[in-house]
Amino acid sequence: MVMAKTSLIQQEIGRPAIVLAVAGSDPTAGAGLQADLKTITALGGYGLTAVTAITVQDTRQVYRVVPLPGDLVAQQMQRCLAELPVDAIKLGMLASREIVLAVAALLTAWPHIPVVADPVLAGTGGGTLLDAGGREALLEQLLPRITLLTPNLPEAVALSGLPVTCQAEREEAIRQLAQRSGQAVLLKGGHAEGAMISDLLWDGRQFFSFTHARLAGGPFHGTGCTLAAAIALYLAQGQTLTAAVQKGQQWVREGMQGSLALGKGQRLLFAAGQTPTVGESP
């Protein structure tokens, strides 16, 4: 059993763990910054934000993405990091090469803060969220500055250039990505077919496999964002990497089990403990 490290944050009276979320805005609040903030807050942390892009989307698809200038994204991060005791950083959609390079350059000044990066390349409902130039910059400049990369299977293929159809291929793809990040990689297996889902974590020394039954009722919106935000929050609270991953996965499953079909497309995550009580009107 993986035990959590003693959290210095929890020993400080009156201060929750602080996570800086760097991502795009999703008007449905199912993914992006809104999902990050909901997750961080629900799990007992305090969320800061740096907006990378404005998106036009609904539960069915992404219609438009407008990236902010890279220096503006970096300035948002800089102001938060310079003044507030940030315990972890979560990176989501970075949208452009300019933003990736600006974020990578800024992170060099804060090497002690754990960084969880969800390499958002495309939306579940379609739409390119990071262009080819941005992907190249992510591989060459950003990955060496992060703690954990959390790609899904299509993202792992796009970033590593390797197939991921079996366990051996997935391990090789993870090793390729880990060589660039120098740290850890969590390969999410949800895009594979089958009743069981297997996520594979390389912690820098060894592999850990997490297997669970596929939940019916999808597709679900914002699972990747929510998972990365939860892991970042748990790391900020002093959890070990494996414990943070396990707890983050459980949080996402609770959100999927309580998900809401509010629109005409993907279901929106809603943690079981937050499910509203439906009864007679007063």
*asked:* Contact order normalised by length for segment 168-208, with contacts defined as Cα pairs under 8 Å and 6 or more residues apart; what percent is it?
replied: 33 percent
_Estimated [θ] at 222 nm from DSSP helical runs (n ≥ 4, -39500 (n - 2.57)) normalised by residues in the chain, nearest 500_ = -11000 deg cm²/dmol
*Evaluated at 20 °C with a viscosity of 1.002 mPa s, what Stokes-Einstein diffusion coefficient in µm²/s does segment 146-282 have when Rh comes from the Kirkwood expression over alpha-carbon pairs?*
135 µm²/s
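Given Cα pairs under 8 Å that are at least 6 residues apart, what percent is the relative contact order of segment 17-146?
Here the relative contact order equals 25 percent.
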*With no solvent and one point per C-alpha, what does the Debye sum give as log10 I(q)/I(0) for the chain at q = 0.11, 0.15 Å⁻¹?*
-0.58, -1.14
*For the charge dipole of the chain, defined by +1 on Lys and Arg C-beta atoms and -1 on Asp and Glu C-beta atoms about the Cα centroid, which residue among G133, A53, F220 has the Cα displaced farthest towards the positive pole?*
F220
*Mind checking which of E140, E83, E254 has the largest fluctuation in a GNM of the chain, springs on alpha carbons under 10 Å?*
E83
*5 angstrom amide H check on L48, placed H, neighbours 5+ away*: V19, L20, A21
*What number, in percent, do you get for the relative contact order of the chain if the mean sequence gap of Cα pairs under 8 Å and at least 6 apart is divided by its residue count?*
19 percent
*Extension gain from A261 to D71, taking 0.36 nm per residue of separation minus the Cα-Cα distance*: 64.6 nm
*Would you kindly state how much longer the chain becomes between Q179 and R15 on full extension, computed as 0.36 nm times their sequence separation minus their alpha carbon distance, in nm to one decimal?*
55.5 nm
*Cα to Cα, under 18 Å, and not fewer than 8 places away if on the same chain: which aspartates and glutamates meet these conditions relative to K264?*
D26, D58
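With charges set only on the Cβ (+1 for Lys and Arg, -1 for Asp and Glu), what does the dipole of segment 17-146 come to about its Cα centre, in debye to the nearest 20?
Details: 8 positive and 11 negative charges, 28 e Å.
Its charge dipole is roughly 140 debye.
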_If the elastic network links every pair of Cα atoms under 10 Å, which of L33, L241, L215 fluctuates the most in the Gaussian network model of the chain?_
L215
*asked:* Using only the Cα atoms of segment 17-146, what semi-axes does the equivalent ellipsoid have when each is the square root of 5 times a gyration tensor eigenvalue? Give whole Å, largest first.
replied: 22, 18, 12
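About the Cα centre, and with charges only on the beta carbon of Lys, Arg (+1) and Asp, Glu (-1), how big is the dipole of the chain? Nearest 20 debye, please. Kindly include the intermediate steps, with their values, before the conclusion.
Values: 20 positive and 21 negative charges, 45 e Å.
With Lys and Arg at +1 and Asp and Glu at -1, about 220 debye.
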_Cβ-defined net charge surrounding A23, 14 Å radius [Lys, Arg +1; Asp, Glu -1]_ = -1
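All of the numbers you see were taken from the coordinates with simple rules; none came from a lab. Bear in mind that the values here come from a model prediction, so they are computed numbers and not experimental data. We place every Cβ from the backbone using ideal geometry, glycine too, and count neighbours over all the protein chains shown.
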